[in-house]
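For reference, the structure discussed in these notes is given below.
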Amino acid sequence: MTPRRVRTGSKGLRERTVGERTVRKLATRTALGAACAFGTLVAAAGPALAIGERNDPGDGLSWVQTVLIFIGIPVGVFVVIAFLVYLPSMVRGPRYRPGRPWTSGSVWFGGPDDANSAVESVTTLPASTVEGGGASARW
Amino acid sequence: MPAGDAFSPRQADHIRQAIATARAETGLHFSVYIGPADGDAREHALRLHAALGDTATGAVLILVEPEQRRVEIVTGEGARRLLDDRAAALASLSMATSFAGGDLAGGLVNGIRMMSASAARPPVLHERGTD
């Protein structure tokens, strides 16, 4: 019984001593930190305090400035990004997309000068075409 | 004939260059038509080939129908001796693959090059039929 009580007592004493020291250290640090923070705040708020002293916050934004800042800048950023997105395809030129209707008309490289009348004048296929060959493919 | 708005000027130039190079290498008259076909694509391609007149026998006509998604190659009587149907089929498949990816100009240029390379090779006469 007795040794157990002594042990708990001494342990409690030691804990209390350590606890006091820790609390004191913590309090010192907190006070120091608060002082530093307050000093920094005062220093940083210098200009604001000066305005308060002059009692002159300056003119508010006119409605033109408000519109420019809150609508003009976002719209401008949007336009710039959209332009950058579409720039590559504009540089690359028209592109064929399978499955979409073809609206580009017809092109004939290496065809006769007067293509329409040349095709119209073909009534029967000549031997040079019929005797030939070829191939076809789909996609 | 103006290149229309299907190709940019650079793309049209590439196609013209490929045609000119192929002609210089093989002596064949290559001709490329891109556009809608009246009715059947094969029949239209044959009509276009016939419309080439005197050059038709040594001409290779490539028709690209973007809406029907068909590519037709018509070789004339004389051109067929240099460019057999098997080589034409190979080129048409290669072109169709490019067209399916949306690359009309690149597919045409490559297809013309393939046919030119195949036709420029001397024919092997001791093999079984050329078709």
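Laboratory data are not the source of any read-out in this text; all were calculated from the coordinates shown. What you see is a predicted model, and the numbers here were worked out from it, not measured in a lab. Counting neighbours? That spans all protein chains shown, and the Cβs are built from the backbone with ideal geometry, glycine included.
Residues in the stretch B:45-60 that are at negative phi, of a type in the set (Gly, Ala, Ser) and facing chain A (nearest Cβ under 8 Å): how many?
4
Would you confirm, using the coordinates I've provided, whether A:VAL91 is of a type in the set (A, V, I, L, M), without any contact (Cβ under 8 Å) to a residue 24 or more places away in the chain and assigned to a loop (DSSP other than H, G, I, E, B)?
Spelling it out, it is not the case that A:VAL91 is of a type in the set (A, V, I, L, M), without any contact (Cβ under 8 Å) to a residue 24 or more places away in the chain and assigned to a loop (DSSP other than H, G, I, E, B).
Among the residues of the stretch B:26-44, which ones are in contact (Cβ under 8 Å) with a residue 60 or more places away in the chain, in contact with a strand residue (DSSP E or B) (Cβ under 7 Å, 6 or more places away or on another chain) and more than 7 Å from every other protein chain (Cβ to nearest Cβ)?
The one that is in contact (Cβ under 8 Å) with a residue 60 or more places away in the chain, in contact with a strand residue (DSSP E or B) (Cβ under 7 Å, 6 or more places away or on another chain) and more than 7 Å from every other protein chain (Cβ to nearest Cβ): B:LEU28.
Considering each of A:PRO74, A:PRO98, A:PRO88 in turn, give the residue that is loosely packed, with under 11 Cβ neighbours inside 10 Å, within 14 Å of another protein chain (Cβ to nearest Cβ) and of a type outside the set (Gly, Ala, Ser).
Within the list A:PRO74, A:PRO98, A:PRO88, the selection yields A:PRO88.
From B:THR75, B:THR55, B:THR97, grab the single residue that is surrounded by fewer than 24 Cβ atoms within 10 Å (Cβ to Cβ), of a type outside the set (Phe, Trp, Tyr) and touching a strand residue (DSSP E or B) at 6+ places or on another chain (Cβ under 6 Å).
B:THR55 is the lone residue from the list that is surrounded by fewer than 24 Cβ atoms within 10 Å (Cβ to Cβ), of a type outside the set (Phe, Trp, Tyr) and touching a strand residue (DSSP E or B) at 6+ places or on another chain (Cβ under 6 Å).
Just checking, which of A:TRP63, A:TRP139 is touching a residue at least 40 places away in the same chain (Cβ under 8 Å) and more than 26 Å from B:ALA51 (Cα to Cα)?
A:TRP139
With (1) in contact with an Asp or Glu (Cβ under 8 Å, 6 or more places away or on another chain); (2) in a helix (DSSP H, G or I); (3) more than 8 Å from every other protein chain (Cβ to nearest Cβ) as the list, and B:LEU63 as the residue in question, which single condition is left unmet?
Evaluating B:LEU63 over (1) in contact with an Asp or Glu (Cβ under 8 Å, 6 or more places away or on another chain); (2) in a helix (DSSP H, G or I); (3) more than 8 Å from every other protein chain (Cβ to nearest Cβ) leaves (2) as the failure.
Given the residues B:ARG47, B:ARG23, B:ARG10, B:ARG81, which is the only one that is in contact (Cβ under 8 Å) with a residue 12 or more places away in the chain, part of a helix (DSSP H, G or I), charged (D, E, K, R) and over 19 Å from A:ARG97 (Cβ atoms)?
B:ARG81
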